Amino acid sequence: MLLVRLTYISRIAHTKSEFVDVEKILNSARKHNKNNYVTGILYFNSDCFLQCLEGSRSNVNQTYARILRDKRHKDIQLVNYGEIECREFYEWKMGYAPHSSLTQSTIIQHSIGSELSLYDMSSNSIHRLLLALRDHVPAI
Ligand code: FAD
């Protein structure tokens, strides 16, 4: 089976009338991903999202196409897309790594300052960050 991994970053897009509810995003993501055999993790630091999706090429592409249309975030940048031998995040329909004191030490390891600037990071660094964040994601 042809497996791919896709990683992107984006910024949350709050409107004046509506506050984006990450729990709702996760519930919808997990429901769809379960049906599509898509796995991955989502990191969110109250400003930016970092998400990785793994699965068959067609399922990952279709999922990303829906995510691109979603008005709850903006400035979406594809960081990495490629074929993989095996999944790195197979335990999660969509694991969630919220920013916390636990993830902060991981962030410092991967940042030039105390703030994480995802838009200034290379795709290799972002992948290493995702692997490190994996240790903070509870199994669901
Ligand atoms: P619908 O549910 O019909 O929604 C259509 C549009 O309405 C959406 O594009 C969105 O702009 C808007 N919308 C939907 N629900 C809400 C809401 N509660 N509040 C405000 N606006 C809303 N989907 C996955 O399948 N897998 C993922 O891993 C995944 N990860 C995501 C990560 C992020 C950061 C975001 C923002 C979204 C993610 N989604 C994911 C959700 C995805 O964008 C789609 O909303 C979802 O897949 C359902 O697609 P749909 O075409 O049925 O959209």
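The values are calculated or read from the model by the stated rules, or taken from the named source; none is laboratory data. Computed from a predicted structure; not experimentally measured. Here the Cβ is made from the backbone with ideal geometry for all residues, glycine too, and neighbour counts use every protein chain on show.
Output the residue which, of all residues in the range 1-49 that are polar (S, T, N, Q) and more than 15 Å from residue 70 (Cβ to Cβ), is modelled with the lowest pLDDT. Step through it out loud before you land on a result.
Restricting attention to the range 1-49, the residues satisfying the condition of being polar (S, T, N, Q) are 7, 10, 15, 17, 27-28, 33, 35-36, 39, 45-46.
If we keep only those that are more than 15 Å from residue 70 (Cβ to Cβ) too, we end up with 7, 17, 35-36, 39, 45-46.
Working: 7: 98, 17: 64, 35: 98, 36: 98, 39: 98, 45: 89, 46: 87.
Going through the qualifying residues, I end up with 17.
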Check: Which residue pairs have Cβ atoms under 8 Å apart, sit 6 or more places apart or on different chains, and have a first residue in the range 28-39 that is closer than 14 Å to residue 91 by Cα and a second that is assigned to a loop (DSSP other than H, G, I, E, B) and of a type outside the set (A, V, I, L, M, F, W, C)?
Finding: 30/93; 33/93; 34/93; 38/93; 39/87; 39/90; 39/91; 39/93
Item checked: Members of the range 33-48 that are of a type in the set (A, V, I, L, M, F, W, C) and more than 9 Å from the ligand (Cβ to nearest atom) -> 41, 48
Note to self: Restricting to the range 12-44, give me the number of residues that are in contact with a strand residue (DSSP E or B) (Cβ under 8 Å, 6 or more places away or on another chain) and of a type outside the set (A, V, I, L, M, F, W, C).
What the structure shows: 6
Checklist line | Residue that is farthest from residue 118 (Cα to Cα), among those in the range 36-82 that are out of contact with any Phe, Trp or Tyr (no Cβ under 8 Å at 6 or more places or on another chain) and among the small types (Gly, Ala, Ser) | finding: 58
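Test of understanding: among 30, 11, 72, 57, which residue is surrounded by fewer than 16 Cβ atoms within 10 Å (Cβ to Cβ) and either within 12 Å of the chain's Cα centre (by Cα) or near the ligand (Cβ under 9 Å from one of its atoms) (or both)?
On the way: 30 fails: surrounded by fewer than 16 Cβ atoms within 10 Å (Cβ to Cβ); 72 fails: surrounded by fewer than 16 Cβ atoms within 10 Å (Cβ to Cβ); 57 fails: either within 12 Å of the chain's Cα centre (by Cα) or near the ligand (Cβ under 9 Å from one of its atoms) (or both).
Result of the check over 30, 11, 72, 57: 11.
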Notebook entry, point to check: List pairs: first in the range 40-64 and at positive phi, second more than 9 Å from the ligand (Cβ to nearest atom) and among the basic types (Lys, Arg), Cβ under 9 Å, 6+ apart or cross-chain?
Noted result: 40/5; 40/87; 55/5; 55/87
